[in-house]
Amino acid sequence: MAGQKTDYIIVGGGLAGISLALELALRGKMLVLLDKPEATSSSRVAAGIIHPIVPKGVRLTWMGETLFPLIADYYRGWENKLNASFYQPLNGFQIHPNQETANFWQLRSQTAEMQPWIDSLNQTILPGISADHAHTPILHCARLDTSAFLLAAEEWFKTRIVIEHTEFQHASLRKEKNQWRYGVHTADGVIFCEGIRVLENPWFNKLHFHPTAGDILTLAFDENLPQALYKNRSWLVPDGKGNWMAGSTFHKGSLETSPLPEDAAKLMEQIRSWTRIPFRLLKHKRGVRPTVDGRRPYLGEHSRDRGIFIYNGLGSKGGSLIPWLSPMMADFLCKGKALHTEVDITRFDL
């Protein structure tokens with residue numbers, strides 16, 4: 001297929017690019033996926049937490065009532081198609097730092113708005129959690145093993161689309177009549193799902209992207225801790241391999257991917273403040289993702305250069321957003337269906 005006419009070139013093989021490629025391949029589109037895998041890319045470092053609650057104010061995440069009914073069926077469907085396992089439903093627990101916070105969560109749990117999402121305050125002791133901390137059970141939590149998902153998709157793609165592990169050069173993309181040429185490839189459209197490299201993209205440099213670095217630790221506990229998603233100021237989630245992932249610090253405006261020991265120390269100190277089981281550090285990684293104003297992803301077509309598209313800015317909620325946004329973007333491309341107004345880039349003057 002290399003060098004032949006294709007329907008779309010997809011730039012970027014993170015969660016956005018891979019999930020969109022899956023959707024488009026299902027719809028019969030010919031694709032070229034260009035991606036240079038980086039160990040520090042946000043999708044490969046991410047813990048893949050799926051959690052419905054924004055702790056500040058104890059409120060439902062944006063579009064939660066739309067997203068969460070889709071999530072389990074979406075990922076289980078792809079597990080069956082890809083013959084892989086990467087979706088893990090989990091009990092969730094918000095560990096409260098003090099009684100004042102616990103009381104506020106208790107009040108919020110009694111509202112009609114929050115009853116489908118959080119349970120009543122629980123004063124019983126969780127195994128492995130300090131007796132000083134009450135907790136609130138959180139419903140509909142899960143973890144997406146992002147690395148396993150990406151690997152399974154790439155394996156499925158081998159006989160279906162062209163994948164080239166190469167760094168995309170924006171200056172080499174050329175318009176030829178009504179098509180776009182990049183190297184030997186000619187396509188009707190080019191879809192940029194390139195994560196933080198969007199900062200180098202000349203078509204979308206008027207969109208508001210801000211780099212944010214985050215640290216993820218892999219920890220080994222000396223005793224068994226019940227499999228669940230625990231959140232306090234920091235969070236803790238099983239990695240599916242017998243250890244735990246923990247995070248996260250946020251370094252706004254940073255493109256630095258080299259982790260610092262003091263950031264790991266800070267995270268471990270936070271976790272020790274509410275856990276009772278000793279643990280040791282196995283790995284420390286830092287990834288960088290583009291965050292966006294208003295925390296609304298960017299989807300759509302460039303207003304002047306037709307055939308140039310973007311699907312980016314999913315942030316830390318990517319695992320929750322993919323089951324809604326990737327089919328939406330695919331239907332926009334294939335059927336001309338409208339994008340949700342809060343993610344459509346027509347709201348900006350490009």
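Miscellaneous remarks
- Applying the set (1) in a helix (DSSP H, G or I); (2) in contact with a Ser or Thr (Cβ under 7 Å, 6 or more places away or on another chain); (3) charged (D, E, K, R); (4) at pLDDT 95 or above to D331 leaves exactly one unmet item: (2).
- Residues that are touching a residue at least 60 places away in the same chain (Cβ under 8 Å) number at least 3 in the following strands (runs of 3 or more DSSP E) confined to the stretch 266-327: 279-292, 308-312.
- Residue in the stretch 324-339 that is under 20 Å from P238 (Cα atoms), aliphatic (A, V, I, L, M) and loosely packed, with under 14 Cβ neighbours inside 10 Å present: no
- Within the stretch 33-123, helices (runs of 4 or more DSSP H) holding 1 or more residues that are in contact with a helix residue (DSSP H, G or I) (Cβ under 9 Å, 6 or more places away or on another chain): 42-45, 64-82
- Members of the stretch 278-305 that are surrounded by 15 or more Cβ atoms within 10 Å (Cβ to Cβ) and of a type in the set (A, V, I, L, M): L281, V288, V292, L299
- Residues of the stretch 41-63 satisfying the condition of being surrounded by 19 or more Cβ atoms within 10 Å (Cβ to Cβ) and modelled with pLDDT of 95 or more: I49, I50, H51, P52, I53, V58
- Of all residues making up the stretch 59-73, the number that are touching a strand residue (DSSP E or B) at 6+ places or on another chain (Cβ under 9 Å) and among the hydroxyl-bearing types (S, T, Y): 1
- Top-ranked residue of the stretch 222-247 - restricted to ones that are among the small types (G, A, S) and free of Cβ contacts under 8 Å to residues at least 40 places away in the same chain, ranked as nearest to A46 (Cα to Cα): A246
- Cβ separations smaller than 6 Å between residues 6+ apart or across chains give the following pairs from the stretch 125-151 residues that are under 29 Å from G287 (Cα atoms) and among the basic types (K, R) to residues that are at pLDDT 95 or above and crowded, with 22+ Cβ neighbours inside 10 Å: R143/V237.
- Options I129, I125; residue that is closer than 30 Å to F221 by Cβ, at pLDDT below 95 and touching a Ser or Thr at 6+ places or on another chain (Cβ under 9 Å): I129
- Residue within the stretch 194-204 that is β-branched (V, I, T) and surrounded by 15 or more Cβ atoms within 10 Å (Cβ to Cβ) present: yes
- Residue among D132, D145, D73 that alone is among the charged types (D, E, K, R), closer than 23 Å to P290 by Cβ and either in contact with an Asp or Glu (Cβ under 9 Å, 6 or more places away or on another chain) or surrounded by fewer than 23 Cβ atoms within 10 Å (Cβ to Cβ) (or both): D145
The values are calculated or read from the model by the stated rules, or taken from the named source; none is laboratory data. Just so you know, these numbers come straight off a predicted model, no measurement behind them. No Cβ is skipped: glycine too gets one built from the backbone with ideal geometry, and neighbour counts run over all protein chains shown.
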